[in-house]
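**Q** For reference, the structure I am asking about is given below.
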Amino acid sequence: MSLDEIVITRAIASRFFEKFSEYAVVDTAIVGAGPSGLVAAYFLAKAGKKVAIFERKLSVGGGMWGGGMMFNEIVVQEEGKEILDLFGITAREYEPGYYTADSVESVCTICSEAMKAGAKIFNCMSVEDVIIREGAVTGLVITWSPVEMAGLHVDPLSVRAHTIIDTTGHDTEVLRVIARKADIALDTATGGVMGERSMWADKAEQLTLKNTREICPGVYAAGMAANAAFGGPRMGPIFGGMLLSGKKVAELILAGPE
Ligand code: 48F
């Protein structure tokens with residue numbers, strides 16, 4: 001059988017738009033496919049929720065691929081190792097309480113499990129705004145990342161979601177746009193994004209979990225974005241807090257409003 005380029009083109013276009021159209025309305029939209037976003041997607045999808053992740057870059061994994069300073073190993077503490085174990089990722093003890101894992105194995109495995117559980121990833125898409133109805137965030141405004149990068153004047157599209165998770169890491173992009181444009185105050189001491197503090201691994205890891213929560217109606221903060229939102233410190237290349245934050249935010253969403 002000879003291959004026809006037009007069939008290939010139509011196959012890609014029709015399959016993509018089938019998926020995109022189906023996921024224009026979801027239970028949870030996650031912004032950012034770093035470790036916290038991928039873990040949240042896994043637990044939510046596994047529980048039967050319809051989940052889409054929107055990721056600006058071509059690749060998933062956020063800051064986890066690069067380990068520490070591009071040395072592609074990550075460190076997790078005892079609690080974080082339990083998540084690696086759950087995914088079957090090889091973790092080796094370095095010193096009591098400190099475990100290492102290959103960062104590429106970690107990203108690939110968590111991403112694969114999240115997708116096998118049913119989550120869909122839309123890469124090369126950037127979230128630039130939100131939709132608000134009656135005081136709650138009900139959707140995201142998205143554009144192609146290359147459109148954003150080229151500064152082209154192209155109108156975006158939208159997706160509707162029952163809940164949204166900001167897992168955009170240090171930049172806290174969804175929360176910043178809410179604080180900047182919307183008439184909704186964030187549930188922080190200032191009502192806005194407080195910004196991250198300097199590195200303090202121990203304190204930051206504890207605060208990441210504490211700060212993982214609903215931050216305004218319809219929107220949860222998780223991962224490094226949670227610390228940046230509430231003025232917590234950064235933690236550097238220890239990833240247990242990120243993994244546990246992804247699990248916690250999924251549990252909070254599954255438990256429903258308090
Ligand atoms: O930064 P990132 O890995 O988030 P995380 O899950 O993990 C943080 C750690 O990697 C590390 C750390 C702890 O050890 O401090 O930094 O909190 O991944 C965030 C992802 O969000 C994407 C971005 O490209 C990255 O892959 N992202 C950021 N803004 C947007 C976005 C946006 N507006 N739209 C779509 N994706």
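The values are calculated or read from the model by the stated rules, or taken from the named source; none is laboratory data. All values reported here derive from a predicted model rather than from experimental measurement. Side chains are part of the model used for accessible areas, which takes the heavy atoms of the whole protein and leaves out ligands, DNA and RNA. Shrake-Rupley method; radii C 1.70, N 1.55, O 1.52, S 1.80 Å.
**Q** For the chain, what does -39500 (n - 2.57) per DSSP helix run (n ≥ 4), summed and divided by total residues, give at 222 nm, in deg cm²/dmol to the nearest 500?
**A** Details: 9 runs with 102 residues, N = 258.
The helix-only estimate for the chain comes to -12000 deg cm²/dmol at 222 nm.
**Q** Here's something else I'd like to know. Let me know the whole percent of all Cα-Cα pairs from the range 108-244 that are separated by more than 17 Å.
**A** Values: 5798 of 9316 pairs.
In whole percent, the long-distance tail amounts to 62.
**Q** Specify, per residue and in Å³, the volume enclosed by the convex hull of the alpha carbon atoms belonging to the range 180-258. Could you put the intermediate results ahead of the total?
**A** Numbers: hull volume 6.8 nm³, N = 79.
About 87 Å³ per residue, rounded to a whole number.
**Q** While we're here: Among Pro156, Pro35, Pro233, determine the one that fluctuates most according to a GNM of the chain built with springs between C-alpha atoms less than 10 Å apart.
**A** Pro156
**Q** Hey, another quick one. Could you tell me which helices of the chain pass both thresholds, a Cα extent of 24 Å or more along their own axis and a mean Kyte-Doolittle hydropathy of at least -1.0, with helices taken as whole DSSP H runs? Could the numbers behind the result be given before it?
**A** On the way: long enough: 5-22 (26 Å, 0.22).
Result, helices passing both filters: 5-22.
**Q** Determine the alpha carbon to alpha carbon distance for each of Lys120/Lys210; Lys181/Lys203; Lys19/Lys81; Lys81/Lys210 and list only those over 25 Å.
**A** Working: Lys120/Lys210 28 Å; Lys181/Lys203 31 Å; Lys19/Lys81 34 Å; Lys81/Lys210 19 Å.
In this structure, Lys120/Lys210; Lys181/Lys203; Lys19/Lys81 lie more than 25 Å apart at Cα.
**Q** Taking only protein heavy atoms into account and a 1.4 Å probe, give the accessible area per residue of the range 24-255 in Å². Present the calculation step by step, with values, prior to reporting the outcome.
**A** On the way: 10620 Å² over 232 residues.
It amounts to 46 Å² per residue over the range 24-255.
**Q** For the chain, just list the percent of Cα-Cα distances falling in each 10 Å bin from zero outward, please.
**A** Bins of 10 Å from zero give 7, 31, 35, 19, 5, 1, 0 percent of pairs.
**Q** In the range 24-255, carbon and sulfur make up what percent of the accessible area (probe 1.4 Å)?
**A** Numbers: 5740 of 10620 Å².
Carbon-and-sulfur percentage of accessible area, whole number: 54.
**Q** Okay, moving on. For Lys247, which aspartates and glutamates qualify as cross-link partners when the Cα separation must be under 16 Å and same-chain residues fewer than eight apart are set aside?
**A** Glu78, Glu79, Glu82, Asp85, Glu113, Asp166, Glu205, Glu214
**Q** Hey, another quick one. Quick one: of the DSSP bridges fully inside the chain, what percent are antiparallel, nearest 5? All intermediate terms of the calculation are to be shown ahead of the outcome.
**A** Working: 24 of 43 bridges.
Antiparallel bridges: around 55 percent, rounded to the nearest 5.
**Q** Another question about this same structure. Need the C-alpha centroid separation for the range 170-240 versus the range 39-90, integer Å.
**A** Rounded to whole Å, the Cα centres lie 18 Å apart.
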